[in-house]
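The values are calculated or read from the model by the stated rules, or taken from the named source; none is laboratory data. Just so it is clear, the model here is predicted, and its values are computed rather than measured. Note that each Cβ is placed from the backbone with ideal geometry, even for glycine, and that neighbours are counted across all protein chains shown. What goes into the accessible areas is simple: the full protein's heavy atoms, side chains included, and nothing from ligands, DNA or RNA. Shrake-Rupley method; radii C 1.70, N 1.55, O 1.52, S 1.80 Å.
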Amino acid sequence: MDAIRLPGLVDVHVHLREPGYEHKETLAQRHPRRIGRGITTVLDMPNTSPPTATLDRLAAKARLAAAAAVCDVGLFLGATRDTDPLITAAAAPYACGLKIYVSETFGSLRLEDLAQLMAFFRTWPGPGPIAVHAEGLLLATCLALAQLYGQHLHVCHVSRRSEIELIRRAKQHGAAVTCEVTPHHLWLCEDDLPRLAARGQMKPPLATAADRTALWANLDVIDCFATDHAPHTAAEKAGPQPPPGVPGLETMLPLLLTAVHEGRLTLDDLITRLHHNPTRIFHLPAGGQQAQTWVEVDAAAVYDLPASGYQTLCDWSPFSGYTVHGAVRRVVLRNQVVFADGVVLAAPGAGRVLAAPVVE
Ligand code: NCD
Ligand code: ZN
């Protein structure tokens, strides 16, 4: 066996769906899957129902996660139209960042009003960054606002050539900007839509083959790989108005290890973008704890990603049928074996909620 040892991996963009959308996924089913795929920390997005916009809601979500988690969980706050930015800012010490939806997507969190955007950029105290879903020209708006208000901007799921080139330009000019890219934007493009139909629909949408090529060509500008794991049920996807979003937690590491196998990525590239950079950007616990958490991978394993048999309630993947290289054999979390040979050994609650507000 070609054994590889990786540090605990961080997925900085995951939709845990609780509270409010438990029919799409539940904490109890979801956490084992992450551990089994080598992800030992997930950062949860705020577009739940109700959205995570206040300290009370953050604390309620932290309680849910603390009871069920077998991996570590960080929580994003979300900017909403009807929550005072100062109220949201008061919960900042307990959050991994503030998420602002500037572009249209699933849920009702879109902020379009410039005065409101300015208010959130003015009042957010950090230490986590402001993470934005901002496509096209709206990305330029957010880059400008971050610069004007001295904020660290983290750009979620970059998908187009123009966007990655703009971020390169901003970095060259010393802007405090970081970004992430998803496996679906690296592996798929609009040419896959006839085959995938609604299962290929997400926000940002699949772009052109040239956009996809540009993401790979600008890998040095990409700080993190992140799934944007956004599960919706197979029935919802087959319905008349399929919601945007695709699951990704169970397929990210195998796909990226396959890119390493094919020489499109080095193992260092992978570790930097799934461990070192996420830890730095989102101020996650570093040092001793990290040394006690690791993932053992059999790099020689080759298999096809299945059509079903996933641990998500939605139980489908846009990558079904893809041949991948590399399987997780063992995961150790703070010196405890939490996954071995296909079996989750950790009890619910073995994971920690990062910087949680006091939960009894
Ligand atoms: C996400 C979801 O379903 O919550 N959907 C998506 O297509 N990415 C929302 C989001 O991250 O934009
Ligand atoms: Zn998302």
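Could you list, in sequence order, all residues of region 251-268 that are open to solvent by 10 Å² or more (accessible area, probe 1.4 Å) and either touching a strand residue (DSSP E or B) at 6+ places or on another chain (Cβ under 9 Å) or not charged (D, E, K, R) (or both)?
Restricting attention to region 251-268, the residues satisfying the condition of being open to solvent by 10 Å² or more (accessible area, probe 1.4 Å) are 257, 260-264, 266-268.
Correct list: Leu257, Val260, His261, Glu262, Gly263, Thr266, Leu267.
Restricting attention to region 112-140, and to residues there that are open to solvent by 50 Å² or more (accessible area, probe 1.4 Å) and under 26 Å from His185 (Cβ atoms), which single residue is modelled with the lowest pLDDT? Explain how you work it out, then say what you get.
Applying the first criterion (open to solvent by 50 Å² or more (accessible area, probe 1.4 Å)) to region 112-140 yields 112-116, 118, 122, 125, 127, 137-138.
Right, trim to under 26 Å from His185 (Cβ atoms) and you get 112, 137-138.
Values: Glu112: 87, Leu137: 96, Leu138: 96.
Restricting to residues being open to solvent by 50 Å² or more (accessible area, probe 1.4 Å) and under 26 Å from His185 (Cβ atoms), the top hit is Glu112.
Going by the structure shown, is Thr227 polar (S, T, N, Q) and under 15 Å from the mean Cα position of the chain (by Cα)? Walk me through how you get there before you give the answer.
Working: polar (S, T, N, Q): yes; under 15 Å from the mean Cα position of the chain (by Cα): yes.
Spelling it out, Thr227 is indeed polar (S, T, N, Q) and under 15 Å from the mean Cα position of the chain (by Cα).
Checking the conditions here, which among Gln290, Gln311 is surrounded by fewer than 22 Cβ atoms within 10 Å (Cβ to Cβ), modelled with pLDDT under 95, away from ligand 2 (no atom under 16 Å from the Cβ) and part of a helix (DSSP H, G or I)? Steps first, please.
Numbers: Gln311 fails: part of a helix (DSSP H, G or I).
Being surrounded by fewer than 22 Cβ atoms within 10 Å (Cβ to Cβ), modelled with pLDDT under 95, away from ligand 2 (no atom under 16 Å from the Cβ) and part of a helix (DSSP H, G or I) holds for just one of Gln290, Gln311, which is Gln290.
What is the residue count in region 167-187 for residues that are touching a strand residue (DSSP E or B) at 6+ places or on another chain (Cβ under 9 Å) and surrounded by 18 or more Cβ atoms within 10 Å (Cβ to Cβ)?
Filtering region 167-187 down to residues touching a strand residue (DSSP E or B) at 6+ places or on another chain (Cβ under 9 Å) leaves 167, 170-171, 175-184, 186.
If we keep only those that are surrounded by 18 or more Cβ atoms within 10 Å (Cβ to Cβ) as well, we get 167, 170, 177-184, 186.
So the answer is 11.
From the residues in region 97-133 that are touching a residue at least 40 places away in the same chain (Cβ under 8 Å) and touching a helix residue (DSSP H, G or I) at 6+ places or on another chain (Cβ under 9 Å), which one is farthest from ligand 1 (Cβ to nearest atom)?
Checking each candidate, the answer is Pro127.
If Phe319 satisfies all but one of (1) within 21 Å of Val260 (Cβ to Cβ); (2) surrounded by 18 or more Cβ atoms within 10 Å (Cβ to Cβ); (3) at pLDDT below 95; (4) not charged (D, E, K, R), what's the number of the condition it fails?
Looking at each condition in turn, Phe319 falls short on (3).
Inside region 208-232, can you point out the residues that are surrounded by fewer than 19 Cβ atoms within 10 Å (Cβ to Cβ) and assigned to a loop (DSSP other than H, G, I, E, B)? So that I can check it myself, show each step before the final result.
In the first step, residues of region 208-232 are kept if they are surrounded by fewer than 19 Cβ atoms within 10 Å (Cβ to Cβ); the result is 208-210, 213, 216-220.
The answer is Thr208, Asn218.
Select from region 237-280 the residues that are among the charged types (D, E, K, R) and in contact with a Lys or Arg (Cβ under 8 Å, 6 or more places away or on another chain) and write down the one among them that is farthest from ligand 1 (Cβ to nearest atom). Even if it seems obvious, please write down each step before you answer.
Start the filter on region 237-280 by keeping residues that are among the charged types (D, E, K, R), which leaves 237, 250, 262, 264, 268-269, 273, 280.
Among the residues that remain, those that are also in contact with a Lys or Arg (Cβ under 8 Å, 6 or more places away or on another chain) are: 237, 250.
Details: Lys237: 11, Glu250: 17 Å.
This residue is Glu250.
Which condition number in (1) away from ligand 1 (no atom under 16 Å from the Cβ); (2) open to solvent by 60 Å² or more (accessible area, probe 1.4 Å); (3) farther than 24 Å from Gly97 by Cβ is the one that Leu148 fails?
(3)
Could you go through region 236-250 and let me know if any residue there is among the small types (Gly, Ala, Ser), loosely packed, with under 15 Cβ neighbours inside 10 Å, away from ligand 2 (no atom under 16 Å from the Cβ) and under 27 Å from Ser103 (Cα atoms).
Yes: one or more hits.
If we scan region 170-178, do we find a residue that is hydrophobic (A, V, I, L, M, F, W, C) and within 15 Å of ligand 2 (Cβ to nearest atom)?
Step one: filter region 170-178 for residues hydrophobic (A, V, I, L, M, F, W, C), giving 170, 175-177.
With within 15 Å of ligand 2 (Cβ to nearest atom) added as a condition, the list becomes none.
Taking every residue of region 170-178 in turn, none turns out to be hydrophobic (A, V, I, L, M, F, W, C) and within 15 Å of ligand 2 (Cβ to nearest atom).
Need the failing condition index for Arg17 against (1) within 16 Å of ligand 1 (Cβ to nearest atom); (2) out of contact with any Ser or Thr (no Cβ under 7 Å at 6 or more places or on another chain), just the number.
Among (1) within 16 Å of ligand 1 (Cβ to nearest atom); (2) out of contact with any Ser or Thr (no Cβ under 7 Å at 6 or more places or on another chain), the lone unmet condition for Arg17 is (2).
Please go through region 293-308 and pick out each residue that is open to solvent by less than 20 Å² (accessible area, probe 1.4 Å) and under 30 Å from Leu193 (Cα atoms).
Ala301, Leu305
For the subset of region 195-207 comprising residues that are charged (D, E, K, R) and more than 16 Å from ligand 2 (Cβ to nearest atom), which member is most open to solvent (accessible area, probe 1.4 Å)?
If we filter region 195-207 for residues that are charged (D, E, K, R), which is where we start, we get 195, 199, 203.
Applying the additional criterion that residues be more than 16 Å from ligand 2 (Cβ to nearest atom) yields 195, 199.
Details: Arg195: 130, Arg199: 88 Å².
The qualifying residue most open to solvent (accessible area, probe 1.4 Å) is Arg195.
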